[in-house]
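Read through the structure below, which is laid out as structure tokens, and then see the notes.
Readers should treat all values here as calculations from the given coordinates under stated rules, not as data from a laboratory. These numbers come from a predicted model, not from an experiment. Positions of Cβ are generated from backbone atoms using ideal geometry, with glycine treated the same way; all protein chains shown enter the neighbour counts.
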Amino acid sequence: MKHLLSIVTAAAFCAVLGAADIYVDYNRGNRKNPGTKAAPLDIFARALNKAKPGDTIYILPSDKPIRDAIVFRNKSGEPGKPITVDGMNNIFLGTMPLNPKEWKEFQPGYFKCTRQIGTNMSNRYFMTLKGKIHRMGRFNKAKGSDKFKKLEELLPGEWTIIRGKVAKNTKHRQIFNQDYIIRLPEGAKTPAEAGFEEPRINRISGVDIAKDSSHITVRNVIVKHFHNDGYNFHGNSRNIILENIAAVECGDDAISAHETCLIYVKNFVAIRCSTAICHINKSENHHENVYAEGILGQDIFCTENTTNTLKNAWFKSDSIGGFRLTTRKDTNQKFEIQNLRMLNRNPKAIFNIQSPGKLDVNFSDVKIANFNKVHEFYNNKVTVVKAEEIEAEINEARKRLFAIFGGQLEKALGE
């Protein structure tokens, strides 16, 4: 964790000569404005185009969710001069109302949209109805989630997908003529009147940093209802610092790093996503102060040649997959876990490893409760306790980390 402290300290003292503050206001900004606080820009992308190493982009507070994402592609700061994004605890929302040009009524009360999309993305598809997520029993990265309903099984206010012909030998098994179908709630005449929304395909993750992007700090951000991940990192994104961030009800992972990314995360909340933490390939990932709740698929799932640290983490989960570290043959994963409390409320959850490769795990002060099975590898390194022995501590951690967001996280959850 020394790496995290040194980088955060460097970022905190980067009052570089010539560094600028750039402001964005999604309610009153204008694309022609200079980006000052008095005359802000209208969207993040335009502010990022102006940003130079050492600059800070402020997303001014909005009284309603922002239907956009924070996306970096081949954009970097410099050592000691990161590009910083301060979301000011705004809620970024990943859904949009159904497009009436795409969705057509094919029988009374039933609307359909036909698309071509890979199974990898349709598996994590969901809808929202008047702001509440409707997964229809499905969630990613776990066996046992329900299959898509048949058309004749749909109840008012439900949706399904009817898959058509699969094109073989295509990446992610592309689907042709895949029908997305909704049945309107009683009394509604259109999807808009009912309040249906779906995830935006062109904004699949809330914070999306990829390719050669480095020396970036993102702080004070809440992302909700994104198709894929809350926070997603690809390519060679290095020295990415994330502070005071939350992911709510996203289709896949709350946070996920790939390839050769290097990220540092401090004060992170994951609520009702399919997975809380999922890292793969050769990424290096450091986490401090993590709270996760209502996770459905996997609490923590890391694989291949990742290097990970997790310090101070509290989970109250419903995941079927539980905790899983894997290494494939000829891979080597390292994971250091310190002060972990994990209470799982799913009777099938397992705390385990699958390790034909090399797995170097160092546990310190780990207590878990209510898991169906704890892999024998961990028996002398993990303390299995009763739920009441750790629940109060987990609840207290929730209060502490939620307080960082100044009531905005409760607003995102409808509490």
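Points worth noting:
- Inter-site label distance for Ala392 and Arg328 at 7 Å from Cα along Cβ, in nm: 4.7
- Dipole check for the chain: with +1 at the C-beta of Lys and Arg, -1 at the C-beta of Asp and Glu, and the Cα centre as origin, the magnitude is about 1060 Debye.
- Database remark: amide H of Ser319 closer than 5 angstrom to the amide H of Ile295, Arg345, Asn346 (H placed geometrically; neighbours at sequence offset of 5 or more, or on other chains; Pro and chain starts carry no H).
- From most to least packed by mean Cβ count within 10 Å, the peptides 181-192, 75-86 give 75-86, 181-192.
- Dipole-positive endmost among Thr114, Ser76, Pro97 within the stretch 62-151 (Cβ charges, Cα centre): Thr114
- Taking a point 7 Å from the Cα of Asp21 along the Cα-to-Cβ direction, none of the residues of the stretch 214-231 has its backbone N closer than 13 Å to it.
- Trypsin sites (Lys or Arg not before Pro) within the stretch 92-142: DSSP coil, no more than 11 neighbouring Cβ in 10 Å: Lys101, Lys130
- Reported to the nearest whole Å, the Cα centre-to-centre distance from the stretch 95-143 to the stretch 362-376 is 37.
- Net charge of the neighbourhood of Leu129, taken over other residues with C-beta under 12 Å away and scored Lys/Arg +1, Asp/Glu -1, is 0.
- Other residues within the sphere of radius under 9 Å centred on the Cβ of Ile91, judged by their own Cβ, net out at +3 (K and R +1, D and E -1).
- In Hz, Karplus ³J(HN,Hα) per residue of the stretch 149-162 (6.51, -1.76, 1.60; θ = phi - 60°; x = Gly, Pro): 5, 6, 3, 6, 8, 5, 9, x, x, 10, 9, 7, 10, 10
- Pairs of Lys residues in the stretch 12-103, spaced 8 or more positions apart or belonging to different chains, with C-alpha separations under 27 angstrom: 16 in total.
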